[in-house]
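Trainee: This structure is in structure tokens; I'll ask about it shortly.
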Amino acid sequence: MRVVHVAAEALPFVKVGGLADVLGSLPQALALEGVEAAVLLPRYRAIEPPLEPLGEVAYRFAGAAQKARVWGAEAGGVTYRFLEVDPDWAEPYTPPEAERYLRFALAAAAWLEGERYDLLHAHDWHAAFAVRLARRPTVFTIHNLAFQGELEPAEFERLAGAAPDAELLHEGRVNLMKGALLAADRVTTVSPRYAREIQTPEYGMGLDGVLRSVAGKLSGILNGLDTAYWNPATDRFLPQKYDARHLERKRRNRATLLATLRLDPGLPAVGAVTRLTWQKGFDLVLEALPQVLDLGVNFVLLGTGEAELEAGFAAMARRYPRRVAFIGAFDEARAHRIYGGADFFLMPSRYEPCGLAQMIAMRYGTPPIARATGGLADTVEDGVTGVLFEEASPRGVLEGVRRMLELDPEPLARAGMARDFSWGPRARAYRELYEETLP
Ligand code: ADP
């Protein structure tokens with residue numbers, strides 16, 4: 001079986017967020033399942049040579065015949081192809097975004113005409129229009145429902161060369177995500193619980209009605225972790241490597257972490273590694289923090305994002321220099337030292353399609369304190385591998401930490417470390433889904 005993935009980003013070529021991690025590891029995991037995978041991306045200027053020139057593909061866009069240069073590369077046994085539709089396109093998600101990805105999808109459809117493949121797997125709205133043009137079975141995966149790819153109908157008609165049909169229209173605008181939800185043979189998102197949640201107005205981002213109408217073909221498959229990279233027994237960023245039988249070594253990592261940050265060495269550390277956005281719920285943490293500290297913990301936060309939140313946590317670190325550390329940076333090494341040194345990991349998301357950080361934390365023996373939503377609820381077992389709290393509020397956060405402190409952390413750490421977060425079973429679920437889709 002040969003599957004072509006179409007997406008906006010993929011490691012090791014270009015990464016903005018978690019989508020790149022998935023496209024950089026799922027195809028390799030699928031290969032172990034006997035599924036031959038290729039990945040098709042836009043050629044951004046940020047993608048550095050060496051890329052192999054593979055000719056051109058002709059397509060129509062904005063009322064004219066166009067040619068996209070095709071580039072190729074191999075990584076981890078997977079074939080990558082890049083379509084250069086706009087030589088000025090520097091990196092993902094730069095405007096005019098909808099126009100550029102629509103153009104990419106039109107070129108992708110033309111390129112696919114000349115390819116031998118069995119199934120198209122498109123990811124998020126950037127690849128959505130390719131689903132409508134494909135002549136083979138299709139799977140569409142929602143990684144982030146917040147971005148749907150919207151255009152004015154007249155603009156769409158000018159670029160695509162045809163008026164949008166009814167399936168593409170949502171509240172008077174072209175909505176590329178909606179078009180793919182209706183056209184795809186199967187729709188997935190990145191956890192079973194989120195697949196149910198997005199059918200409700202609370203989580204549906206305006207598309208809950210559409211998602212309910214396709215409920216029969218909608219399912220959730222969790223993302224996997226790259227468990228070779230995220231492994232406390234081999235992690236080169238950790239002062240002390242450890243496994244579940246040597247948790248005392250992890251305590252040395254805590255001592256180093258707390259000493260480096262000049263925090264109270266006699267208290268446990270609640271850690272967090274996150275984007276600071278509304279989704280992640282750290283405004284709730286900021287409000288609850290003085291009371292959380294009263295429970296007798298340190299708090300270590302590594303994160304960047306909204307200026308107000310960054311300023312708020314910086315102020316907290318000044319107010320409680322021995323108890324709160326805020327590192328306002330994107331820093332891979334420090335992230336590893338928090339996963340491998342903190343006692344607990346805080347993740348109070350308002351919504352979470354899947355979430356990788358909580359799985360990393362469990363793999364590192366750092367029980368998560370997480371909100372019972374989306375992929376968090378599907379991966380953290382309350383009272384067994386971590387603590388789940390219901391309420392997205394400062395009180396919810398405080399109760400979560402309080403409950404965690406009442407538990408014996410070692411059995412939770414061991415239980416989390418024993419869980420399988422690898423791609424293996426999840427890639428198998430995709431293969432089975434593909435097989436159901438094929439004629
Ligand atoms: P999302 O993709 O919504 O940001 P995930 O939990 O799925 O959330 O993945 C976040 C990933 O990004 C994790 O691997 C986490 O360690 C990493 N990360 C987030 N913020 C930082 C940061 N400031 N420094 C280093 N790594 C970070």
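The values are calculated or read from the model by the stated rules, or taken from the named source; none is laboratory data. Small disclaimer: the values here were computed from a predicted structure and weren't measured. Because the Cβ atoms are built from the backbone with ideal geometry, glycine has one as well, and the counts that use them run over all protein chains shown. With ligands, DNA and RNA removed, areas are computed over all heavy atoms of the protein, side chains included. Shrake-Rupley method; radii C 1.70, N 1.55, O 1.52, S 1.80 Å.
Trainee: May I have the pair-distance distribution P(r) for segment 1-140, computed from all Cα-Cα distances with 10 Å bins from 0 and rounded to whole percent?
Mentor: 12, 48, 36, 4, 0
Trainee: Taking all protein chains in place and a 1.4 Å probe, what share, in percent, of the accessible surface of the chain do carbon and sulfur account for? Write out the running numbers ahead of the final one.
Mentor: Details: 8800 of 17580 Å².
Using a 1.4 Å probe with all protein chains present, the chain comes out at 50 percent carbon and sulfur.
Trainee: Which whole-number percent of Cα pairs in the chain have a distance greater than 27 Å? All intermediate terms of the calculation are to be shown ahead of the outcome.
Mentor: On the way: 52419 of 96141 pairs.
Roughly 55 percent, once rounded to a whole number.
Trainee: Report the convex hull volume per residue for segment 170-254, counting only C-alpha atoms, in Å³.
Mentor: Numbers: hull volume 14.4 nm³, N = 85.
Per residue, the Cα convex hull of segment 170-254 comes to 170 Å³.
Trainee: Please find, in a Gaussian network model of the chain (springs between Cα atoms separated by less than 10 Å), the residue of 257, 222, 181 whose mean-square fluctuation is greatest.
Mentor: The residue that fluctuates most here is 257.
Trainee: Now for a different question. Considering only 201, 368, 192, give the residue with the highest GNM mean-square fluctuation for the chain, with springs between Cα atoms whenever their separation is below 10 Å.
Mentor: Result: 201 has the largest fluctuation of those listed.
Trainee: Using just the Cα positions, wrap segment 332-439 in a convex hull and report its mean projected area in square nanometres, one decimal place.
Mentor: Mean shadow area of the hull around the Cα atoms is 7.8 nm².
Trainee: Quick one: which residues, 5+ away or cross-chain, put their amide H under 5 Å from the amide H of residue 143? H built at 1.01 Å from N.
Mentor: 124
Trainee: What is the Rg over Rh value, at two decimals, for segment 244-417, using alpha-carbon atoms and the Kirkwood definition of Rh? Walk me through the numbers before you get to the answer.
Mentor: Numbers: Rg = 14.3 Å, Rh = 15.5 Å.
A ratio of 0.92.
Trainee: Keeping all protein chains in position, work out how much accessible area residue 407 exposes to a 1.4 Å probe, and write it in Å² to the nearest 10.
Mentor: 60 Å²
Trainee: In segment 8-51, if every C-alpha pair distance is counted and binned at 5 Å from zero, what percent goes to each bin?
Mentor: With a bin width of 5 Å, the distribution comes to 6, 22, 28, 22, 15, 6, 1.
Trainee: Using only the heavy atoms of the protein chains and a 1.4 Å probe, how would 351, 430 rank by accessible area, largest first? Could the numbers behind the result be given before it?
Mentor: Working: 351 25, 430 0 Å².
Sorted by accessible area, descending: 351, 430.
Trainee: How much of the DSSP beta bridge set in the chain is antiparallel, as a percent to the nearest 5? Write down the numbers at each step before the final one.
Mentor: On the way: 20 of 67 bridges.
Of all bridge pairs located within the chain, approximately 30 percent are antiparallel.
Trainee: Additional query: In the full protein assembly as shown, how much of residue 205 is accessible to a 1.4 Å probe, in Å² to the nearest 10?
Mentor: 80 Å²
Trainee: Something else about it: Among 292, 313, 263, which residue has its Cα positioned farthest towards the positive end of the charge dipole of segment 244-417, with +1 placed on the Cβ of Lys and Arg, -1 on the Cβ of Asp and Glu, and the dipole taken about the Cα centre?
Mentor: 263
Trainee: If one computes the Cα centroid of segment 150-174 and of segment 329-355, what distance in Å separates the two points?
Mentor: One Cα centre to the other: 40 Å.
Trainee: Right, something else. Report the per residue volume, in Å³, of the convex hull enclosing the C-alpha atoms of segment 47-124.
Mentor: Numbers: hull volume 9.4 nm³, N = 78.
Hull volume over Cα atoms, normalised by residue count, gives 121 Å³.
Trainee: Might you report the magnitude of the Cβ-based charge dipole of segment 1-92 about its Cα centre, with Lys and Arg at +1 and Asp and Glu at -1, to the nearest 20 debye? If you can, show how the numbers build up before the last one.
Mentor: Details: 8 positive and 12 negative charges, 53 e Å.
So the magnitude is around 260 debye.
Trainee: Checking the cross-link filter: which lysines have an alpha carbon closer than 23 Å to that of residue 217, excluding same-chain neighbours under 8 positions apart?
Mentor: Result set, ordered by chain and number: 178.
Trainee: Could you give the distance between the Cα centres of segment 1-60 and segment 234-269, to the whole Å?
Mentor: Measuring centre to centre over Cα atoms gives 37 Å.
Trainee: Would you work out the charge dipole size for segment 244-417 about its Cα centre, treating the Cβ of every Lys and Arg as +1 and the Cβ of every Asp and Glu as -1, and quote it to the nearest 20 debye?
Mentor: Values: 22 positive and 21 negative charges, 158 e Å.
That gives segment 244-417 a dipole magnitude of about 760 debye.
Trainee: Residue 1: accessible area at probe 1.4 Å, nearest 10 Å²?
Mentor: It works out to around 60 Å².
Trainee: Now, a different point. When the Kirkwood radius is taken over all Cα pairs of segment 304-390, what Stokes-Einstein diffusion coefficient follows at 37 °C and 0.692 mPa s, in µm²/s? Can you show the working numbers first?
Mentor: Values: Rh = 13.9 Å.
The calculation lands on 236 µm²/s.
Trainee: Can you give the charge dipole size of the chain about its Cα centre, rounded to the nearest 20 debye, using +1 on the beta carbon of Lys and Arg and -1 on the beta carbon of Asp and Glu?
Mentor: On the way: 50 positive and 57 negative charges, 225 e Å.
Rounded to the nearest 20 debye, it is 1080 debye.
Trainee: Accessible area per residue for segment 172-261 in Å², computed with a 1.4 Å probe and the full protein assembly in place, what is it? Write out the running numbers ahead of the final one.
Mentor: Numbers: 3870 Å² over 90 residues.
Counting only protein heavy atoms, the per-residue value for segment 172-261 is 43 Å².
Trainee: Could you work out the helix-only [θ] at 222 nm for the chain, with each DSSP H run of four or more residues adding -39,500 (n - 2.57) and the total divided by the number of residues, to the nearest 500 deg cm²/dmol?
Mentor: Numbers: 17 runs with 162 residues, N = 439.
Per the formula, -10500 deg cm²/dmol.
Trainee: Top mean-square fluctuation among 173, 371, 323, Gaussian network model of the chain, C-alpha springs under 10 Å?
Mentor: Among 173, 371, 323, the largest GNM mean-square fluctuation belongs to 173.
Trainee: Run the Debye formula on the Cα coordinates of segment 31-87, all scatterers equal and no solvent, and tell me log10 I(q)/I(0) at q = 0.12, 0.15, 0.17, 0.27 1/Å.
Mentor: -0.34, -0.50, -0.61, -1.09
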